[in-house]
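Visitor: To start, I am sharing the structure in question, which I have written as structure tokens.
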Amino acid sequence: MRCRACRAPAVVDVPRHHAAFCTDCFLRHCREQVGRAIDHFGMLGRGERVLVAVSGGKDSLALWDLLLDLGYEADGLYLGLGIADYSPASRQAAEAFAHRRQARLQVVDLPADLGFDIPVGSRAARRAPCSACGLSKRHLFNSAARDGGYDAVATGHNLDDEAAVLFGNVLRWDLAYLGRQLPVLPATDGFVKKVKPLVRLSERETAAYCVLRDIDYIVEECPMSAGNRHLRYKEALNAIEVRSPGTKAAFYFGFLERMAPLVAGAADEEREGLHPCPGCGSPTVSETCAFCRLVAAARA
Ligand code: Q46
Ligand code: ZN
């Protein structure tokens with residue numbers, strides 16, 4: 001197997017592109033894919049400050065590394081979820097990376113700073129752990145970005161993640177979710193801009209990127225992910241992708257090009273009636289926002 005770009009011996013193959021690369025050309029391929037996603041979808045302007053949602057896993061650390069290399073002012077925010085074994089190890093990976101790259105990392109620890117953890121909070125609020133966790137992440141990343149004067153929050157969602165979420169939303173024809181399943185969500189009504197610069201890279205590519213860049217990431221999945229339906233959707237799509245490389249990319253980018261414009265209105269309807277939460281100032285359509293209700297239930 002030879003590198004497509006320079007004909008040196010290849011170390012990674014990318015079946016979707018019918019290509020293989022040597023280390024240097026693969027790292028350049030990753031930077032190019034992220035640069036193309038940022039430019040094509042108008043994610044970030046030069047000089048914009050980015051807050052990277054850092055979990056300590058391969059995707060978020062690859063994203064942070066790539067944004068720094070592409071010259072963006074990118075700081076990290078790590079959220080301690082209070083999940084035994086997993087949280088301390090993931091925090092350590094995030095801190096080690098920040099130290100190595102001399103990058104700024106902010107840490108918010110749910111148990112220490114807010115008085116609850118995800119396992120307890122989700123039970124108290126009668127939510128599934130991943131639902132309470134997702135809600136907490138969205139709220140805390142948005143408020144930290146707003147308070148810190150950042151222009152955007154960047155998350156490490158890759159092509160596999162986006163295709164799996166899209167698959168789930170299509171199976172349920174959830175138009176409101178489909179309407180906002182975009183690689184960039186502009187800033188509106190108290191929400192900071194959200195961007196997903198890794199959508200042109202697969203999970204396998206972000207893992208290979210970290211290995212070749214010698215980035216130590218936490219390999220273990222969060223123990224709460226067992227039974228998560230996105231994992232089942234990923235498995236189903238992986239089975240198809242093995243036989244027909246390129247299916248995930250065709251599914252996701254075809255959606256963005258041909259379907260997303262048709263369902264954009266469904267997401268707009270949801271934003272009607274937004275007002276600031278009296279507890280935290282975040283935009284909500286309820287009397288108090290879902291995060292404030294989660295915190296109140298967890299502390300009760
Ligand atoms: S961290 Fe949180 Fe994930 Fe763990 S509790 Fe679920 S959502 S699985 S990305
Ligand atoms: Zn609130």
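The values are calculated or read from the model by the stated rules, or taken from the named source; none is laboratory data. Keep in mind that this is a model prediction, so the values were computed, not measured. Neighbour counts run over all protein chains shown; Cβ positions are idealised from the backbone, glycine included.
Visitor: Only one of these is among the basic types (Lys, Arg) and free of Cβ contacts under 8 Å to residues at least 40 places away in the same chain: Arg180, Arg229, Arg213, Arg243. Name it.
Guide: Of Arg180, Arg229, Arg213, Arg243, the one residue that is among the basic types (Lys, Arg) and free of Cβ contacts under 8 Å to residues at least 40 places away in the same chain is Arg243.
Visitor: In the set Cys280, Cys292, which member is among the hydrophobic types (A, V, I, L, M, F, W, C), part of a loop (DSSP other than H, G, I, E, B) and within 26 Å of Pro186 (Cβ to Cβ)?
Guide: Cys280
Visitor: Select from region 107-159 the residues that are more than 15 Å from ligand 2 (Cβ to nearest atom), within 12 Å of Val295 (Cα to Cα) and aliphatic (A, V, I, L, M) and list them in ascending order.
Guide: The answer is Leu110, Ile118, Val120, Ala124.
Visitor: What is the residue count in region 167-188 for residues that are more than 13 Å from Pro261 (Cα to Cα) and aliphatic (A, V, I, L, M)?
Guide: 5
Visitor: Can you give me the number of residues within region 1-26 that are touching a strand residue (DSSP E or B) at 6+ places or on another chain (Cβ under 6 Å) and buried (at least 16 other Cβ atoms within 10 Å of the Cβ)?
Guide: 8
Visitor: For the structure I just gave you, tell me whether Ala267 is in a helix (DSSP H, G or I) and either touching a Lys or Arg at 6+ places or on another chain (Cβ under 8 Å) or within 16 Å of ligand 2 (Cβ to nearest atom) (or both).
Guide: yes
Visitor: Residue under question is Cys289, and the condition is that it be more than 24 Å from the chain's Cα centre (by Cα) and not hydroxyl-bearing (Ser, Thr, Tyr); does it hold?
Guide: no
Listed here are the residues, each with its yes/no results for (1) surrounded by fewer than 16 Cβ atoms within 10 Å (Cβ to Cβ); (2) over 12 Å from Tyr209 (Cβ atoms); (3) touching a Lys or Arg at 6+ places or on another chain (Cβ under 6 Å).
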{"position": "Arg28", "(1), (2), (3)": "yes, no, no"}
{"position": "His40", "(1), (2), (3)": "yes, yes, no"}
{"position": "Glu48", "(1), (2), (3)": "yes, yes, no"}
{"position": "Ser55", "(1), (2), (3)": "no, yes, no"}
{"position": "Trp64", "(1), (2), (3)": "no, no, no"}
{"position": "Ser90", "(1), (2), (3)": "no, yes, no"}
{"position": "Arg100", "(1), (2), (3)": "yes, yes, no"}
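Visitor: Among the listed residues Leu256, Leu274, Leu237, Leu294, identify the single one that is within 16 Å of ligand 1 (Cβ to nearest atom) and either of a type in the set (Lys, Arg) or surrounded by 14 or more Cβ atoms within 10 Å (Cβ to Cβ) (or both).
Guide: So the residue among Leu256, Leu274, Leu237, Leu294 that is within 16 Å of ligand 1 (Cβ to nearest atom) and either of a type in the set (Lys, Arg) or surrounded by 14 or more Cβ atoms within 10 Å (Cβ to Cβ) (or both) is Leu294.
Visitor: Looking only at region 204-231, filter to residues that are at pLDDT 95 or above and among the basic types (Lys, Arg); which one of those is nearest to ligand 1 (Cβ to nearest atom)?
Guide: Arg204
Visitor: Quick check: is even one residue across region 78-95 under 30 Å from Ala239 (Cβ atoms) and among the charged types (D, E, K, R)?
Guide: No: region 78-95 contains no residue that is under 30 Å from Ala239 (Cβ atoms) and among the charged types (D, E, K, R).
Visitor: Would you pick out the residues in region 102-142 that are away from ligand 1 (no atom under 15 Å from the Cβ), farther than 16 Å from Ser55 by Cα and among the basic types (Lys, Arg)?
Guide: If the condition is that a residue be away from ligand 1 (no atom under 15 Å from the Cβ), farther than 16 Å from Ser55 by Cα and among the basic types (Lys, Arg), then Arg126 is the only one that fits.
Visitor: Kindly indicate whether Thr288 is within 16 Å of ligand 2 (Cβ to nearest atom) and free of Cβ contacts under 8 Å to residues at least 12 places away in the same chain.
Guide: yes
Visitor: Can you list the helices (runs of 4 or more DSSP H) lying wholly within region 155-257 that have 1 or more residues being within 28 Å of Glu272 (Cα to Cα)?
Guide: Filter on region 155-257 gives 159-171, 175-179, 247-254.
Visitor: Here is a list of conditions, (1) farther than 20 Å from Cys222 by Cβ; (2) not in a helix (DSSP H, G or I), and Arg146 meets all of them except one; can you say which number that is?
Guide: (2)
Visitor: Could you please find all residues in region 72-91 being under 16 Å from Leu198 (Cα atoms) and assigned to a loop (DSSP other than H, G, I, E, B)?
Guide: Tyr72
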